[in-house]
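Here the structure is laid out as structure tokens; the discussion comes afterwards.
Bear in mind these aren't lab numbers, they're just calculated from the coordinates by the rules spelled out. In this text the structure is predicted, and so the values were computed from the model without any measurement. Glycine also receives a Cβ, built like all others from the backbone with ideal geometry; neighbour counts cover every protein chain displayed.
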Ligand SMILES: [Zn+2]
């Protein structure tokens, strides 16, 4: 497959690398990854994404659908609710604490 270089939205240059990929602690093997030298953002090319999806599906960790959530302002903090389907699927009702961090500009990751 031809490896094309193209620019990242941040203005940096996208490069290729092959690296061991862990997703949700599932070893997806060594895959092609596109990454930006400037902002560090990583992108999975189609082929790699398919492998990751397959591995996660095998582990039963894929298929939590994209759901809309709303945010409410309460005092100086923000409250949101997780949809029931997501709570059930990931058994979030058994979780007492987790960690959150931002991943890029418009994404939040929560680990538990
Ligand atoms: Zn970038």
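Rounded to the nearest 500 deg cm²/dmol, what is the calculated helix-only ellipticity per residue at 222 nm for the chain, with -39500 (n - 2.57) per DSSP H run of length n ≥ 4?
Numbers: 2 runs with 20 residues, N = 112.
So the helix-based figure for the chain works out to -5000 deg cm²/dmol.
How high is the relative contact order of segment 71-111? Use alpha-carbon pairs under 8 Å, at least six apart in sequence, and give a whole percent. Before the final figure, lay out each step's value.
Working: 24 pairs, mean separation 8.4, N = 41.
Taking the mean separation of contacting Cα pairs over the length of segment 71-111, I get 21 percent.
Modelled label-to-label distance, residue 38 and residue 109, 7 Å Cα→beta-carbon offset: nm?
Going from the residue 38 label point to the residue 109 one covers 2.2 nm.
For the chain, list log₁₀ I(q)/I(0) at each q in 0.11, 0.15, 0.20, 0.22 Å⁻¹, using the Debye formula over Cα point scatterers of equal strength and ignoring solvent, two decimals each.
For the requested q values the scattering log ratios are -0.50, -0.88, -1.24, -1.33.
With the contact rule set at Cα under 8 Å and sequence spacing of 6 or more, what percent relative contact order holds for the chain?
Details: 124 pairs, mean separation 14.7, N = 112.
Reported as a whole number, the value is 13 percent.
Going by C-beta contacts inside 10 Å, put 57, 23 in order with the fewest on the left.
57, 23
Arrange 55, 13 by Cβ neighbour counts within 10 Å, fewest through most, would you? Can you show the working numbers first?
Values: 55 19, 13 13.
So the residues, fewest neighbours to most, are 13, 55.
Pick from 51, 26, 69 the residue whose mean-square fluctuation is largest in a GNM of the chain, springs joining Cα atoms under 10 Å.
69
So, in nm, how far is label residue 16 from label residue 47 when the simple model puts each one 7 Å beyond its Cα toward the Cβ?
My value for the distance between the label points is 0.7 nm.
Cut-off 10 angstrom, C-alpha nodes, Gaussian network model of the chain. Which of 102, 74, 25 fluctuates the most?
Comparing 102, 74, 25 in the GNM, the peak value goes to 74.
For 16, 62, what's the fewest-to-most ordering of other Cβ within 10 Å of each Cβ?
Numbers: 16 12, 62 15.
Starting with the residue having the fewest Cβ neighbours, the order is 16, 62.
For residue 81 and residue 56 in the same chain, what is the full-extension length gain: residue separation times 0.36 nm, less their Cα-Cα distance, in nm? It would help to have the intermediate numbers written out before the result.
On the way: separation 25, 0.36 × 25 = 9.00 nm, distance 2.48 nm.
Once the chain is fully extended between residue 81 and residue 56, it gains 6.5 nm.
State log₁₀ I(q)/I(0) for segment 71-111 at q = 0.20, 0.22, 0.30 Å⁻¹ as given by the Debye formula over alpha-carbon point scatterers of equal weight, solvent excluded.
For segment 71-111 at q = 0.20, 0.22, 0.30 Å⁻¹, log10 I(q)/I(0) is -0.83, -0.97, -1.11.
Nearest 10 degrees, 0 to 90: what angle lies between the long axis of helix 46-58 and the longest principal axis of the chain (Cα atoms)?
So the helix axis and the longest Cα principal axis differ by about 40 degrees.
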